[in-house]
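We did not get these values from a lab; they are worked out from the coordinates using the rules stated. Since the structure is predicted, the reported quantities are computational estimates derived from the model, not experimental observations. Cβ placement follows ideal geometry from the backbone for every residue including glycine, while neighbour counts extend to all protein chains displayed.
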Amino acid sequence: MSTAAQTVKPVMPARHYLNDNYGIRSWLLTKDHKRIAVLYLFSITFFFFIGGIFASLIRLHLLTPNGELFQADTYNKMFTMHGVNMIFFFLIPSVPAVLGNFIIPIMVGAKDLAFPKINLMSWYIFMVGAFFSLYAMVSGGVDTGWTFYTPLSSGFVHTNVIVMAVGILFAGFSSIFTGLNFIVTVHRMRAPGLTWGRLPLMVWANYAASLIMILGTPVLAITLILLALERGFHIGIFDPKLGGDPVLFQHMFWFYSHPAVYIMILPGMGVISEIVTCFSRKRVFGYAFVAFSSIAIAVFGFVVWAHHMFVAGISVYSAMVFSLLSYAVAIPSAVKVFNWTATMYKGSVKLDTPMLYALGFIGLFTIGGLTGLFLAALGLDVHIHDTYFVIAHFHYVMVGGMVMAYLGGLHFWWPKMTGKLYPEPVAKLAALITFIGFNLTFFPQFILGYMGMPRRYAMYSPEFQVLNVLSSAGASILAVGFILPALYFTWSLKYGEVAGDNPYKATGLEWQTTSPPPTHNFDVTPVVTEDPYHYGAEEEVTVVP
Amino acid sequence: MSHSPTTIPEHHPALVHQFDSMEQQREASTFGMWVFLLTEIMMFGGLFAAYLIYRIKYYDAFVAGSTSIDVTWGFVNTLVLIGSSLTMALAVSAAQRGARRGAQLFIVLTMILGTVFLGIKGIEYHQKYVEHHIPGGIFGRFDAVSNYPGQEPNIAEEVAKEKERVEKLSPEAAEQASKQIAKQTEIFFCFYFAMTGLHALHMIIGLILMTWLLVQVQRLNIGPEYYTPVELSGLYWHFVDIVWIYLFPLLYLINRTHAK
Amino acid sequence: MAEEKHAHPTHKVYYLVFLALVIGTVLTWRVAFIDLGPLNPVIALTIACTKATLVILFFMHIWYSSTLTKITIAAGVFWLLILITLSLTDYLTRGIIKPL
C-alpha cells in the first residue's frame, strides 16, 4: 500500500468539508465541527494580533524609564487589554476550539461532536463576547489589570469595566459549551474498540481541560456578575465601606483563574504528546502516567488558587496550606516532561517544524514551571510577587509553552485541515526566530523581577533600562516569528504542495481519512484494534469495511 | 457519499446524524444536561460560598436580616415549588408513556405553580422595597436608628433592641453595636437579592422553557422512543427547585428563636 | 430489557417523595422556632440535604441512572466543597497566627 502511494503524487479529494457547500450561509449556519474550528481559527487569530499590538505598545513604552510614550492611565489600559485579549479571547479557546474541535471527533472515530448546534452556538457566544470586548476597547478601554481587583474595579475607575466583564462572561460561556461537548463526546461517542486506554493523549488532555472549564468557569461567571452589580448599582459585598472583603473577590476570581491556566496549558500538552511520538517514531513512554497526569493537573489545579494571594492579606495558615499544595501541582507536569523526554530517547527523531516547536515547548515550559515553584515558596514570593519575575514566569509557560504548542499543533494538523503543506524551510526559520525572540524578550524579565522592578508600572528606575531595551528588542524579533506563519499559511492555501492523507506517516484515526476530511469524517465507521502510537511496526489501523 | 451504514433498519425522525441510535442519543443528551447542571451547581455554589463566609463573619447582622423577611411567604413558596416539581415529574412520566395530553396538562400545572412562586416573590420584594431594605444606597436605609423617622419597621431598631436584650450591653455599647450591625445588614440583603434574584431569573428561564416545551410535545411526536426534551426540561426544573430547597433555610431560617 | 434501561419510578413513588418533601419543609419551618443552639442550622441543612437527595434520586431519576451520572453529581458537590473549605481555611484562621 504505502510503497505504491509513495510513487504517486497525492491529489486533493474531490469533495471535502471545505468545498461540500458554498456560500456564507453554509459557513455561518454550519454544524460541521471542522468548519466551526475554522471559524474559531479566524476569530482567535484576529485577537492574537490585537493582543500582540498591545504587547508591542507596552514594549515600546518601556524602552525608556520615564514612560514617554503613554500617560500612566493609558499604560494601565495597554497591559489590561493585552492580558484580557490574550487570555480570554486567544489562549483559552486556542487549542480546544480550533484544534480540539477539528480533530477530536475524528480521533474518537465519530461523525461530529455530540452537540453540533451547541458547538456553533459556542462560536456565536464567543463572537458576542468578542464584540463586547472590542467595544470596551474602542470606547476607552479598561485599566484595572486583567484581574479586576476590587475595590479599584468596583468603585474607583471610570473605565468600561462592566462592558468588559460582560465580554469575558460570554467568552467563558463559550468555553463551557465547548468543554461540555468534549466531555459528552469522549464518554459516549468513541468508535468500537476505542477504549479509554487507547485514546490518543490529545483526547485525554482536552478532556481534562474540559473538566476544568465545566467546574471552574461558572465561579468566574458569578464573580463577574457580582462585580458588575456592585459597580452598576453600588450594592456590593467586596466593598470595605460596607464591611465587605475585597480579598473575597480575589478568592472567587482566582478559584477560576488559576485552573484557567491549566485550561490553557493542558490542551497544549496534548498536542506535544502527539507531535513527540510522531516525530520520534516511538510509542509514548508511560502512556498511563501521561494520561492520568492530565487528570491530576485538572484536579490539583483547583486547590492552589490562593498562591496568587500570598501578600493580599489571607491568613498565614492558609498561605502555608496553599503553598504546599502548589508544590504538589508541579509533579504531574514534571511527569509529562520526563515521559516526553524518555519517548525521544532512542527514538528516531526527525526535526520537522512541529517537532521544533515541541522541543521549544519542553525546554521553555520546564523553565517556566520551575520558576513557578520559586513563586510558590512563601518567603520568596513576598519579594518577587507583582514583579517582572511573575511576568517572565507566566510568559514562559504561556508563550514559550502554550503558544509554541499551539503553533506546533497548527503546523502538525495544517495538512489535515487544508490538504496543503506549508513551506518547510520558511517554517523552520520562523520557529527558530520565534524561539530566539522569545528568550530575548522574557529572560531579561526574570532578572528584572529579581532586581525588584514592579509590574504594571508605567515608569521604572533607570538602572532597569538596559534589560528593558533588550526585552523590547527581543519582542520585535518575536513579532516577526509570529507574523511569518500567518503569511506562509495563507500562501500555502493557494500555492502549497498537496499533502495527501498522511504526510507524516503518523498513527491515529485522523490520518486514516483524507486531507481535508469529508464532511462526515469517515466513509465507514472505524474499528480500533491497536494501542495509540503504534509506531515502529509501520502497520496501519485495521479498518473494517 | 453515503453516511456510515447504521444497523438499525428504522430511522426515528428525531435521530440526528452524529448518533448511531436513539439510545445513544438519549444517553448523550441526558449526560450533557447533567454536565450543564454541574456548571449551575458551581455557579450558585460560588454565591453560596460567599454567603457562608459573610454569615460567619457577620452573624448578628445576618440574623437581623433573616428575621426581617417574611418566613410564611418563604414557607408557602417552598411548598409551591415542591408541588411544581411533582407536576413536572408527572409530566415526564406522561411523556414517557406517550400520553401527550397528560404531559401538556402537567406542564401547564407546573407553569402555573411557577408563576405563583414568582408572584409571591414579587410580593416579598415589594415588602422589602417598602421597608427600605434594598441595598445600594438608592432605596435602602441601613443607618442606625432615628435618622429616618416615620419609616418602619426599621431593621436597625429591631437589631438595637435585640442587642440590648440578649447581650445585656451598656446602652452606649449597644448603640455602637447596633449601628454596626445595621450597616452590615446591607450585606445580608445583597446576598438575599443576589441569590433569590439569580434563582428567580432561572425560574423565568424555566417558564420560557416550559412554553417552548408545550409546543414541542405537540410538534414532535413525543413518546416512549423519544421524550428527551421533556426529560431534560424536567431535570432543569428540578434543579431550580433544589436551589430553593437550600435557599429557604439559609435565608429565612438563620435564627428564628429570637423573634417571629 | 428496554424497561430496565428506561426505568422510572411509579406514580406511587412520586407521591411518596412529594409527601416526604412537604413533611421535611414543615419540619424545617417548625424546628426553626425552637431554640436548639448550634443544632438549628445543622438540622435545617440536614433536612435540606435529605430533600435535595430525594429530588435528585427520584424526581431526577438518578436512582435508575448510570454510574457516570452519579459520579457527575458527586463531582459537583465535591468541587463545591473544595471552594468552601479552602476559602474557609483563610477566613477561619485570620489573626490566629500572626505573621512575623
Summarise the partner chain shielding of A:100-113 as one whole number: the mean count of Cβ atoms from other chains within 10 Å of each residue's Cβ.
1
Taking the dipole about the Cα centre of the protein assembly as shown, with the C-beta of Lys and Arg at +1 and of Asp and Glu at -1, give me whichever of B:Q216, C:Y15, B:I112 is farthest to the positive side.
B:Q216
Length gained, B:L201-B:F139, 0.36 nm per residue minus C-alpha separation, equals 20.2 nm
Going from the fewest other Cβ atoms within 10 Å to the most, one would list C:Y64, A:Y504 as C:Y64, A:Y504
For chain A, what log10 I(q)/I(0) values come out of the Debye formula at q = 0.08, 0.09 1/Å, with one point per alpha carbon and no solvent?
-0.50, -0.64
Tell me, what ³J(HN,Hα) does each residue in segment B:93-98 have, in order and in whole Hz, if you take phi through Karplus 6.51 cos²θ - 1.76 cosθ + 1.60 with θ = phi - 60° and put x for Gly and Pro?
4, 5, 4, 5, 7, x
Amide hydrogen neighbours beyond the local backbone of A:T387, cut-off 5 Å, H modeled:
A:R455
For the residue pair A:F233 and A:M127, what label-to-label distance in nm results when each label sits 7 Å from Cα along the Cα-to-beta-carbon direction?
3.2 nm
Straight distance only, please: which lysines reach the Cα of A:K494 with their own Cα at less than 29 Å, same-chain residues fewer than 8 apart left out?
A:K9, A:K31, A:K34, A:K111, A:K350, A:K416, A:K420, A:K428, A:K505
Set B:K121/B:K183; B:K168/C:K51; B:K57/B:K179 screened for pairs whose C-alpha atoms are more than 28 Å apart:
B:K168/C:K51
Positive end of the dipole of chain A, charges at C-beta (+1 Lys, Arg; -1 Asp, Glu), about the Cα centre: which of A:H16, A:A506, A:C278 has its Cα farthest in that direction?
A:H16
Alpha-carbon centroids, segment A:227-278 and segment C:26-100: separation in whole Å:
24 Å
If R₀ is 41 angstrom, what is the calculated FRET efficiency for the pair C:L92 and A:F42, using the beta carbon separation as r and rounding to 0.05?
0.25
With +1 on the Cβ of every Lys and Arg and -1 on the Cβ of every Asp and Glu, and nothing else charged, how large is the dipole of the protein assembly as shown about its Cα centre, in debye rounded to the nearest 20?
760 debye
How far is helix B:171-219 tilted off the main Cα axis of chain B, in degrees rounded to 10, range 0 to 90?
20 degrees
Protection proxy ranking of C:19-28, C:54-63, A:374-383 - average other beta-carbon atoms within 10 Å, highest first
C:54-63, C:19-28, A:374-383
Residue-averaged [θ]222 nm for chain A, counting only DSSP H segments that reach four residues, each worth -39500 (n - 2.57):
-21500 deg cm²/dmol
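Please compute the average number of Cβ atoms from other chains found within 10 Å of each residue's Cβ in peptide C:8-19.
Shielding by partners across C:8-19 averages 3.
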Residue order, fewest to most surrounding Cβ atoms within 10 angstrom, among A:F88, A:F79
A:F79, A:F88
Sparse-neighbourhood loop hits (chymotrypsin sites (Phe, Trp or Tyr not before Pro), segment B:171-200; DSSP loop; Cβ within 10 Å at most 14 others) -> none
Within straight-line cross-link reach of A:K77, lysines at Cα separation under 27 Å, skipping those fewer than 8 residues along the same chain:
A:K241
Let me confirm one metric for peptide A:309-315, namely the mean number of other chain beta-carbon atoms within 10 Å of its residues' beta-carbons.
3
Which distance in nm do the two modelled labels at A:D20 and A:V382 give, with both placed 7 Å along the Cα-to-Cβ direction?
6.2 nm
